[in-house]
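For reference, the structure is listed below as structure tokens.
What follows draws every value from the coordinates through simple rules; no lab data is involved. Given the structure is predicted, the values throughout are model-derived calculations rather than measurements. With ideal geometry, Cβ positions are generated from the backbone for all residues, glycine too; neighbour counts draw on all protein chains shown.
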Amino acid sequence: MKVSEIVREAVSLAKAANEARAAQGQEDSPIVASGSYTATVKPRITEERRLREFLEKQSSATIYLLLAITNLGRGDFEAKDLLEQYRDMDEAYGDAQLAARQIFEMWPLPEFLEKGMAELDRAGLDIDTLMRS
């Protein structure tokens, strides 16, 4: 599966999870602050489980790339710096599962991924070609 296809699938699953949360009246993200009262934790809905399972089956390299694209979409750096940021992810996280959890817990995940891909397009960078080099 190409990186662009993985991004599209992650966006689709994240949008479905956000829509399902909104339909259930859950306006908060799945993030639970450390030390929170656990009785208030809402059970994961099917759409959230699908997103989490999709992320968990990706390779470490793919998880780090998704996180780098997400951070690009959030405005943390410029498109020209994507590969450098991607290379630093393993050192910064050391554990792809931790990085996947961070991606999963981002409420605006679809927007960040879409903005990141748009930034790459504006810079004339094709993510699939970039990752083959």
I want to make sure I understand the PRE zone here: with the label point 7 angstrom from the Cα of Met1 toward its beta carbon, which residues in region 44-59 have backbone N atoms less than 17 Å away? 47-59
Relative to the longest principal Cα axis of the chain, at what angle does helix 109-122 sit, 0 to 90 degrees, rounded to 10? 10 degrees
Hey, what angle do you get for helix 3-23 against the long axis of the chain, alpha-carbon based, 0 to 90 degrees rounded to 10? 20 degrees
For the chain, with only Lys/Arg (+1) and Asp/Glu (-1) charged at the beta-carbon, what is the dipole magnitude about the Cα centre, in debye rounded to 20? 420 debye
Inter-label distance for Glu91 and Leu125, nm, one decimal - labels placed 7 Å from Cα along Cα-to-Cβ: 1.7 nm
Two-decimal log10 I(q)/I(0) for the chain, as the Debye equation yields it once each C-alpha is a single scatterer, q = 0.09, 0.11, 0.12 Å⁻¹: -0.26, -0.39, -0.46
Within region 45-75, report the trypsin sites (Lys or Arg not before Pro) that DSSP leaves as loop and that have at most 10 other Cβ atoms within 10 Å. Lys57
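Pairs of alpha-carbon atoms within less than 8 angstrom and 6+ residues apart define the contacts here; what relative contact order does the chain have, in percent?
Computed value for the chain: 35 percent relative contact order.
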In degrees, nearest ten, helix 82-93 long axis to first principal axis of the chain (Cα): 50 degrees
For the chain, what is the calculated [θ] at 222 nm in deg cm²/dmol (nearest 500), taking -39500 (n - 2.57) for each run of four or more DSSP H residues and dividing by its residue count? -21000 deg cm²/dmol
For the chain, which span is the longest to avoid every loop-located (per DSSP) member of GluC sites (Glu not before Pro) having at most 14 other Cβ atoms inside 10 Å? 28-77
